[in-house]
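Heads up, the thing below is written out as structure tokens.
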Amino acid sequence: MRISARELLGQLLDTDSFVSWDRPPITVAATMRYREVLQKAAVAAGTDESVLTGEGLLRGHRVAVIACEFGFLAGSIGVAAAERIVSAVERATELGLPLVASPTSGGTRMQEGTVAFVQMVKIAGAVAAHKAAGHPYLVYLRNPTMGGVFASWGSLGHMTFAEPGALIGFLGPRVYHALYGQPFPEGVQIAENLYRRGVIDGVGTVPLFRRIAHRALSVFSGVPDSVVAEQDRRSFGRTSAPVPAMASAGVSAWESVLISRRPDRPGIRDLLRHVTQRVPLSGTGQGESDRTVVHALARFRGQPCVVFGHDRSGQQDDAMGPAALREARRSMALAEELRIPLVLVIDTVGASLSKEAEERGLAPEIARCIADLVTLDTPTVSVLLGQGTGGGALALLPADRVLAATNAWLAPLPPEGASAIVYRDIAHAPELARAQRIRAADLHADGVVDRIVPEFPDAADEPVEFARRMVAAIGAELAQLRAHPDADLRALRKARYRRLGLPSSTD
């Protein structure tokens with residue numbers, strides 16, 4: 001059973017809120033036979049083209065919508081359909097509306113030849129302009145979505161979900177069989193597989209997507225929940241004021257390292273249990289996914305943001321690889337495009353040391369992450385939550401504000417590794433940890449960290465209280481950063497890292 005365009009709109013939008021933007025399809029050059037085909041398709045589908053456009057309310061959010069109708073010549077896109085899509089995208093951009101697109105299509109309309117094929121360029125261009133203007137673009141792929149549609153506007157969403165079991169791919173199975181004389185491998189072009197592989201963000205029914213889209217639109221709006229934010233600011237001021245370096249001076253660097261390695265220490269997932277409007281994202285959107293990281297949209301005490309970070313629960317057997325860093329760069333691009341803050345959580349045993357990681361560009365990805373963060377045009381907060389080892393930690397560090405838990409630390413290598421380099425053994429790890437000034441108190445004194453969020457005395461012994469305290473701290477920092485123009489933040493960020501490590505008298 002396929003969901004028609006009208007059924008989709010009925011399930012996605014608030015009751016009776018849809019208003020059509022469609023005008024009669026433009027006339028295209030057509031043979032008598034093709035005109036007859038179009039007439040029959042209109043009767044069969046109950047629509048005048050393969051796509052419907054308009055606007056409506058999605059749980060109160062005003063949105064523009066584009067919905068394909070598979071019943072009209074398999075949802076294929078010709079010149080008239082493309083013109084309708086582009087007109088709707090441009091109108092959404094002019095009105096400043098979020099755009100929700102739901103393709104279901106066999107691809108380009110073969111009856112119109114190459115001129116229909118190149119329509120995907122102007123559709124993709126219109127979507128790119130919409131996104132460049134800072135407006136959200138959400139995609140819900142229906143069964144099936146194939147060919148040029150998937151390879152253009154179907155793959156450009158800030159967030160992309162798909163119908164369960166949907167056939168999604170570039171080359172249709174029938175075409176593949178005709179060209180190569182054998183069936184396409186089973187299970188590859190299925191929504192669930194693409195989700196596992198990091199091509200799309202999730203799979204769900206239309207009602208589920210409606211709920212997820214509502215949360216995403218709430219975050220994408222960039223508008224803080226002022227009541228929650230003010231309550232949190234007052235609470236944070238009472239219970240989580242900046243902790244001077246001396247407050248954690250009693251714990252040695254090596255003790256902090258051991259504490260940070262406790263398997264029951266709260267991680268990024270524990271923080272996300274105490275945020276609102278959470279929407280999990282997945283993968284790079286380019287066929288890569290790394291289980292050692294978490295990527296989501298969320299509100300920290302009313303403050304909307306993109307959040308990305310290391311997941312200690314996913315690092316039992318694996319260190320982070322290049323795909324994790326490409327996911328990080330996706331989160332950076334998403335935050336910048338939508339002009340909302342970015343929160344980065346550092347809690348990693350380090351980057352992967354493997355042949356595959358080297359060949360897939362681990363070091364260049366670390367470099368690109370650092371460069372992107374230093375120049376990003378949106379407020380940024382970085383959080384040292386636990387372990388901070390090597391380039392994988394450094395890749396998420398540059399930010400407008402850097403927070404650290406009492407027992408978090410940052411080092412070029414684990415202390416054992418540093419000991420092995422300097423002393424040819426690991427027995428000197430505690431000594432190296434102290435000498436390298438890796439603990440939060442020393443990082444605060446050296447200007448790497450701006451604020452220490454306390455543990456009383458160990459986050460693993462108070463996981464809920466600590467998580468709430470850290471979420472409140474992040475929310476308060478986001479609220480303060482939003483008061484500054486992005487250009488000022490970028491200049492201050494650059495100056496901060498330019499001066500780092502220099503004597504205080506040097507400017």
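Just so it is clear, none of the values below were taken in a lab; they were calculated from the coordinates. As the structure is a prediction and not an experimental result, all values here were calculated from the model. Quick reminder, even Gly has a Cβ in these numbers, built from the backbone with ideal geometry, and neighbours come from all protein chains shown.
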Quiz item: In the stretch 480-499, what residues are of a type in the set (Asp, Glu) and either closer than 17 Å to residue 305 by Cβ or in contact (Cβ under 8 Å) with a residue 60 or more places away in the chain (or both)?
Solution: 486
Quiz item: When the stretch 12-47 is examined, which residues are found to be among the polar types (S, T, N, Q) and farther than 22 Å from residue 89 by Cβ?
Solution: 15, 31, 39
Practice problem: Counting only residues that are touching a residue at least 60 places away in the same chain (Cβ under 8 Å) and more than 24 Å from residue 191 (Cβ to Cβ), give me the helices (runs of 4 or more DSSP H) lying completely in the stretch 20-127 with at least 2 of them. | Solution: 32-45, 79-95
Quiz item: For residue 396, are the conditions met, namely being in contact with a His (Cβ under 8 Å, 6 or more places away or on another chain), under 17 Å from residue 308 (Cβ atoms) and outside any strand (DSSP E or B)?
Solution: yes
Practice problem: Spot the failing condition for residue 206; the list is (1) without any contact (Cβ under 8 Å) to a residue 24 or more places away in the chain; (2) of a type in the set (A, V, I, L, M); (3) in contact with a Phe, Trp or Tyr (Cβ under 8 Å, 6 or more places away or on another chain), and only one is missed. | Solution: (1)
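Give the residues of the stretch 128-139 that are assigned to a strand (DSSP E or B) and either within 21 Å of residue 70 (Cα to Cα) or over 16 Å from the mean Cα position of the chain (by Cα) (or both), sorted by residue number.
Quick first cut of the stretch 128-139, residues assigned to a strand (DSSP E or B) only: 137-139.
Answer for the stretch 128-139, where residues must be assigned to a strand (DSSP E or B) and either within 21 Å of residue 70 (Cα to Cα) or over 16 Å from the mean Cα position of the chain (by Cα) (or both): 138, 139.
Whether any residue in the stretch 295-303 is touching a Phe, Trp or Tyr at 6+ places or on another chain (Cβ under 6 Å) and not polar (S, T, N, Q) is what I want to check. Break it down stepwise before answering.
From the stretch 295-303, those touching a Phe, Trp or Tyr at 6+ places or on another chain (Cβ under 6 Å) are 295; that's our starting set.
Then keep just the ones that are not polar (S, T, N, Q); that gives 295.
Yes, some residue in the stretch 295-303 is touching a Phe, Trp or Tyr at 6+ places or on another chain (Cβ under 6 Å) and not polar (S, T, N, Q).
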Quiz item: How many residues does the stretch 327-381 hold that are among the small types (Gly, Ala, Ser) and part of a loop (DSSP other than H, G, I, E, B)?
Solution: 4
Quiz item: How many of the residues in the stretch 413-445 are free of Cβ contacts under 8 Å to residues at least 24 places away in the same chain and either under 17 Å from residue 349 (Cα atoms) or not in a loop (DSSP other than H, G, I, E, B) (or both)?
Solution: 12
